[in-house]
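Next up is a structure, given as structure tokens.
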Amino acid sequence: MSTTLPKTAEVVIIGGGIVGAATAQALARTGVKPLVLEKGAFGGAVSGASLACISTHMMDLDELPLLAWTRARWAELDAEIGGFEYNRCGQLRFIAREHDIAVAEGWIAAERAAGLTPELLDPTAVRAVEPALTGPILAASWSALDAVVNPFLAVRALLADAQRHGATVRAHTPVTAVCTEGHRVTGVTTTGGHVDTPLVVLAAGPWAARLAAPLGVVLPMLPRKAQCLATVRVPPVIRRVVGACESTGGVEAGYTQIQQAREGQVLFNTVLAGGTVQSPGSSPAPDGARSAGSTRVSDGEAAHDSSLTGAANSVVPPSIVPPVDLAFVRDSVETLLWLFPGLADIQVLRSWVRYEAVTPDSRFVAGPAGPDGLWIAAGDNGTGFVRSPAIGRLITDGILGRTPPFDAALYRADRFTATAAA
Amino acid sequence: MNSSTLSFAGKASTGHSHAPSKDPGVEPFSCDVCVVGAGAAGLSAAHAAAACGTSVVVLDAFPRPGGQYYMQPPAAPLASAKAMRQVTDGAALIAEAERAGARILPGREVWGVFPGGGQPERGTSAAAPSDAGGFTLHADGDGGAVRVTARAIVVATGAHDRVVPFPGWTLPGVMPPGAGQRLAKLSGTPPGRRTLIAGSGAFLLPVASSILKAGGEIAAIFEADNRVLAAAGIVARNPSIWGELARLARPLFRAEFEVHRGAVVVAALGDDRVRAARLAPLDTSGTPDLAQTFEIDDIDALLVGYGFRPHVELTDALGCTHDFDEAAGGWICRAAPDTFATTVAGVFAAGETTGIAGSRPALLSGRIAGLAAAESLGFGDTSGERRYLVERRRRPAAFAAALATHFTPPAGLAAAITNDTVMCRCEDVTAGEVRAALADGADDAFGAKLWSRAGMGLCQGRVCGFGLARLIAAERGIDPEEVGFNTPRLPLRPVKLSTMQAALKE
């Protein structure tokens, strides 16, 4: 594979996570040849560290048309491209508190009204669906058509398909600035040189706000810390995605997701309440705390943020991803064993942290913003995998001047300022 | 301030206790200095620190203290004076450390280390000393789970074999030299009837010696480096090593085996077990010439390794600075020469963790670190003795460093790695799969890991990391240093959920 940087590109996509990969794939399939620039390893920052649930359940009700479309799109991508372990295993949301039963019933009624098919199960019915879930839950909602994909392979498969259709991809190529002339995008500057382009898609997740700020585009996004544990491989024991009932909503709500990877690792993911990084100074581990002055290049986790010249007041994740919180480990092990007591003797192998990009209304920003030629595709809110094909479609339709199959207004970049003015 | 989704778990667990049938029982310890690793450096550090009056706890992963050099066999089937000497010297070191008051806890591997002596609070993330000072170490293993709170830590975790995969390296009978020696030393059984030893490094000779003593036969030693005269020059300038070298080389003079130079193993051959090895001469760029291979048959054991890599997971998890030095083993922990203090307050490192140098420099660096750790906690002024020790360490350390530059792994080893060669044994990933990930756009160890699972398994890249770095560097035409590495993450070793739960309980 060539590693030199092209001098020009029809479109530059900044960010090689699942959103950038899905956008590249959608664009390339229409004949547009994008260049994907990733600051580290593809899918190495947020996407690869997530649990990649393809779900429509207990999400944003206004987004149900998009969610239904995108969930179906994932099944199509599996048929067309495959190679990313698509598994329509269904999702359980367990209920541990009495008042959450009514909350779940509310979600179920609204989703059924929109044509989806979730249902409420009593503990006996839950055990028929997930035999190892023997913990003292009160009930669980069940969304049978939800699925999971392998997050690493999904990024890889979409990028590979994009490359087969004319896209070019470069890892370890951090973009330091988007260049403009007048009110038009003209190119990007990277640590490996300059690329001329009239179109830039900013799919840089929690790093997007800092790249957009110098262009006068304020993206109200905060990085939020999510943490995961993985056990060693064990024989199949957990069949479904097992989540907690989302009763409070909002960016500060914690959530829990448990599943078993195809290779056998039991995975546990949680966002703790109050996990949002509030200011640049409050990052959990100061940059370089791990190996100050070290020349040691870590496993893609030492990002290249110091080279990014963003607005001083934008909030970005720490450039070196810190270890997980001990309290997270304690609480998540407790929760896991409360639900699945039979896992007590399984060994934990690894833990990790990722930063999600959280917006005030928990929706993506997907659309044009600022100078002509700039498109934003960021704001995963911790559930970016399911939406990525739809976000890729929105951006592709926008660039080509077509009408997307769902309401683009929900994702407009200026919606926060418009609301404030109203 | 628990999250809404997690708080009920704690509440409910009081009423419903299906969970962990047996409490693994975490035994708590508290001490001034916790030494991790009971080899030459660790034992020496423990003895020195304890003799200064500090309370010392020593954790070691293996069932018996001693490490690789002073390895203590389960019984005592000692076959020779040399073996006897290492075992008895080791036993004496252990006894001295214990007499000075050090508490040695073998059979426990550290899986977590955290700042402070208390229990987790929200936001405790980076493992750097908190205002309260000190550390908590969690360890587990056949010895039982322990929690050690300590005011200072000495990391003396040693090293492991530096391995580059080749076709057939997963056949029974093929192992790294360190593992082969461990087998011979611990069980008194050679790795096979007739063993071929190959690779690079001064260590190959003592491995042959251990195997002969255990009753095995050596087919030959193949040393990749072929600068005989330069190596001889280094030895000639260091009379202190002559005695040991003469002992190690005695079998050579007795014609018990031969040492050949300038060729490397490019394949292990055999069906149920290794029966032969294919070798190739190295060209001037350090690449095996696959057009000129030859075979050594009538073997049933093959030991191949290219020196050692320091265990730096613990110092990395603690936030210490590391430097890259290929000859000294790759990534090594930075330590001050007069104290062996790392860049993190309260953390000292000694022995191979700070660069591969062998047992003699390790004994001295351990002692320096032990004294400095005690002094840092207010147990006297040890600067005079440390100055003397630094001076005594200078020559053997310089000798080891000079020799090491001759035994850096040949640059072109990856050329022998065929696509069907398994790179990552834990996840069963072949070189072809790694190359395919690179072809799709991955360009470093982390990217290749995400797309191929190489290094994602049980050993977390400890075994395959070096070979993977070599393969990726060769494919991409870059230095192995640029390829990256696996960041250590909690737990540093796999640990049961129930043990974690018990260990982190308030």
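Where a number appears in this text, it was derived from the coordinates with a stated rule and is not lab data. Keep in mind the model is a prediction, meaning the values are calculated, not measured. No Cβ is skipped: glycine too gets one built from the backbone with ideal geometry, and neighbour counts run over all protein chains shown.
Averaged over its residues, how many other protein chain Cβ atoms are within 10 Å of peptide B:85-92's Cβ atoms?
Mean shielding count: 0.
Can you tell me the orientation of helix B:81-99 relative to chain B, as the angle in degrees between its alpha-carbon axis and the longest Cα principal axis, to the nearest 10?
10
Quick check on the exposure proxy: order A:F42, A:F406 from fewest to most C-beta atoms within 10 angstrom.
With the sparsest Cβ surroundings first, the list reads A:F406, A:F42.
Right, something else. For B:D142 and A:T403, FRET efficiency with R0 = 56 Å and r from the beta-carbon atoms, rounded to 0.05?
0.25
Compute the long axis of helix B:40-51 from its Cα atoms, compare it with the longest principal axis of the Cα atoms of chain B, and write down the angle in degrees, 0 to 90, nearest 10.
In chain B, helix B:40-51 runs at an angle near 30 degrees to the longest axis.
State to the nearest 20 debye the size of the charge dipole of the protein assembly as shown about its Cα centre, where the only charges are +1 on K and R beta carbons and -1 on D and E beta carbons.
Around 1620 debye, computed over the protein assembly as shown.
Oh, and also: I need to check one value: relative contact order of the stretch B:163-305, counting alpha carbon pairs closer than 8 Å and at least 6 residues apart, in percent.
It rounds to 33 percent for the stretch B:163-305.
Here's something else I'd like to know. Return the average number of partner chain Cβ atoms within 10 angstrom of each residue Cβ along peptide A:348-359.
3
Give a quick list of GluC sites (Glu not before Pro) in the stretch B:167-268 that DSSP marks as loop, anything other than H, G, I, E or B, with at most 13 other Cβ atoms within 10 Å.
B:E256, B:E258
How well do other chains shield peptide A:222-233, expressed as the mean number of their Cβ atoms within 10 Å of each residue Cβ?
Per residue, the number of nearby Cβ atoms from other chains is 2 on average.
If you look for lysine pairs in chain B that are eight or more places apart or on different chains, how many of them have Cα atoms under 26 Å apart?
For chain B, qualifying lysine pairs total 10.
Note down the net charge around B:M71, summing +1 for each Lys or Arg and -1 for each Asp or Glu among other residues with Cβ under 9 Å from its Cβ.
Value of the local net charge: +3.
Evaluate the relative contact order of the stretch B:417-483 (contact order divided by residue number), counting alpha-carbon pairs under 8 angstrom at least 6 apart; express in whole percent.
30
To make sure I understand, if each residue's beta carbon is the centre and we count other beta carbons within 10 Å, what order do B:C52, A:C245 fall in, fewest to most?
The order, fewest Cβ neighbours first, is B:C52, A:C245.
Indicate, rounded to the nearest 5 percent, the antiparallel portion of the DSSP beta bridges found entirely in the protein assembly as shown.
The answer is about 60 percent antiparallel.
Round to the nearest 10 and give me the degree value, 0 to 90, for the angle of helix B:177-187's Cα axis relative to the longest principal axis of chain B.
70
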